[in-house]
1. Determine, yes or no, whether residue 208 is surrounded by fewer than 19 Cβ atoms within 10 Å (Cβ to Cβ), away from the ligand (no atom under 13 Å from the Cβ), within 20 Å of the chain's Cα centre (by Cα) and assigned to a helix (DSSP H, G or I).
2. Residues that are away from the ligand (no atom under 14 Å from the Cβ), surrounded by fewer than 20 Cβ atoms within 10 Å (Cβ to Cβ), in contact (Cβ under 8 Å) with a residue 24 or more places away in the chain and assigned to a helix (DSSP H, G or I): does segment 63-82 have at least one?
3. Cβ-Cβ below 7 Å, separation at least six or inter-chain, first residue in segment 101-123 and under 15 Å from residue 85 (Cβ atoms), second within 12 Å of the ligand (Cβ to nearest atom) and not in a helix (DSSP H, G or I): which pairs?
4. Just to be sure I understand, how many residues within segment 135-161 are surrounded by fewer than 16 Cβ atoms within 10 Å (Cβ to Cβ) and either within 12 Å of the ligand (Cβ to nearest atom) or free of Cβ contacts under 8 Å to residues at least 40 places away in the same chain (or both)?
5. For segment 187-196, which positions are surrounded by 21 or more Cβ atoms within 10 Å (Cβ to Cβ) and farther than 10 Å from residue 125 by Cα?
6. Residue 100: in contact with a strand residue (DSSP E or B) (Cβ under 9 Å, 6 or more places away or on another chain) and either modelled with pLDDT under 95 or within 12 Å of the ligand (Cβ to nearest atom) (or both), yes or no?
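The values are calculated or read from the model by the stated rules, or taken from the named source; none is laboratory data. Keep in mind the model is a prediction, meaning the values are calculated, not measured. In this analysis, Cβ positions are derived from the backbone assuming ideal geometry, glycine residues included, and neighbour counts consider all displayed protein chains.
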Ligand code: RET
């Protein structure tokens, strides 16, 4: 009886799916290189951003700086966790999927850590636009909804339809984020005197963020038109632009225009006055 229980327990502590995923990572250098490059770039970005923000003093600019710095910090942890095998696995795809019945590599940790990195991007953008708390709260909570239901889309294996249902729910959250970015914040940024840089960063963000659901749909977890390594390189390339390049442009502007950031009207007051 006891022996049997011990046997079961050891089966639980050595999940087969995770072992397979680690082997896939070890054997596929193209796949693992897509992760290593981000570990290296995240490390460099952290050092660079600490240096760039060293003289930033005003509270609002400092908050933008810290939230921007958190983007590569979360990224470093995320990619290290993927490489260690902790947040990757293999999933058996349900009937209806192009690879039905096969074990498919799933870097589910990516979707999990987006829950922490993307709100930092939106916090920095919202502060730059001098927005109010309600709009900031809306953008961030909708974004978290998008990431968590995106994780569900990646993990659910009960039915193929359910994967796409979660994809649809996640996309609906994403539409709310896009609405705030494209409709609400540009007006706020104009009032705050940050319209030009906000316009550039908004465009970069909207175009690149749209790439993620497209890649998911084309990738191994969606229609499986492209393989795991190409999908992973796609996400890594998007990450490099949407995180490090984005954050660099934002921080460079904030460090050079601290007065504008500091003197931006308080978002809540500004919108109320504008609405009168
Ligand atoms: C998923 C699939 C489900 C539908 C949608 C998605 C959108 C993901 C996005 C991710 C952005 C990630 C970034 C990470 C930086 O650290 C989850 C792929 C809409 C927009 C910018």
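1. no
2. Yes, the conditions are met somewhere in segment 63-82.
3. Qualifying pairs under 7 Å: 106/221.
4. Total meeting the criteria: 2.
5. Across segment 187-196, the qualifying residues are 188, 192, 194.
6. yes
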